[in-house]
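One structure is given below, encoded as structure tokens.
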């Protein structure tokens with residue numbers, strides 16, 4: 001999916017009554033997992049980075065990598081249950097922040113690799129498992145939030161068009 005403005009994406013989500021997962025990213029494997037899941041489900045996605053992620057990976061790196069089984073005893077979701085998020089979407093929520101769930105999925109997968117083969121020394125094997133677990137979680141969230149199938153329905157609009165749209169709406173509202 002091409003990059004579009006957040007406003008255009010949220011307008012589309014509101015018009016078609018779905019929620020868009022906004023994944024906090026920290027590294028390349030997370031971006032790969034999220035974008036592969038988005039592609040597989042034809043879902044639009046929001047990638048965002050917290051202050052901690054920008055400090056860890058560097059803002060320039062995170063910007064560059066975007067241009068384009070949960071382990072232990074932890075339950076499938078952490079924090080707000082998916083059913084409650086779906087209820088929020090039915091009531092108008094369009095952007096759903098996701099951070100902890102993807103961390104749990106990736107960490108659990110890496111722990112399973114290390115537990116299964118305690119002699120494993122190759123971090124690529126752990127990161128491959130972590131990426132696969134994150135991708136499965138992302139696909140699940142795209143489908144659970146009714147976002148799957150929406151990406152190809154969005155026609156990118158130039159930022160100038162979006163700015164004009166909202167500037168003229170404000171003028172009309174101010175005149176009323």
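Laboratory data are not the source of any read-out in this text; all were calculated from the coordinates shown. Because the structure is a prediction, the values reported are computed rather than measured. Quick reminder, even Gly has a Cβ in these numbers, built from the backbone with ideal geometry, and neighbours come from all protein chains shown.
A few notes on this one:
- Taken over the stretch 118-160, the convex hull of the Cα atoms encloses 113 Å³ per residue.
- Rg(Cα) / (2.2 N^0.38 Å) computed for the stretch 82-176, rounded to two decimals: 1.67
- Gyration tensor (Cα) of the stretch 1-68, equivalent ellipsoid semi-axes in angstrom: 22, 13, 10
- Every pair of different Cα atoms in the chain enters the Kirkwood calculation, which places the hydrodynamic radius at 17.5 Å.
- Residue order, fewest to most beta carbons within 10 Å, for 5, 168, 43: 168, 5, 43
- Principal axis extents of the Cα atoms in the stretch 98-137, from largest to smallest and rounded to whole angstrom, are 33, 14, 12.
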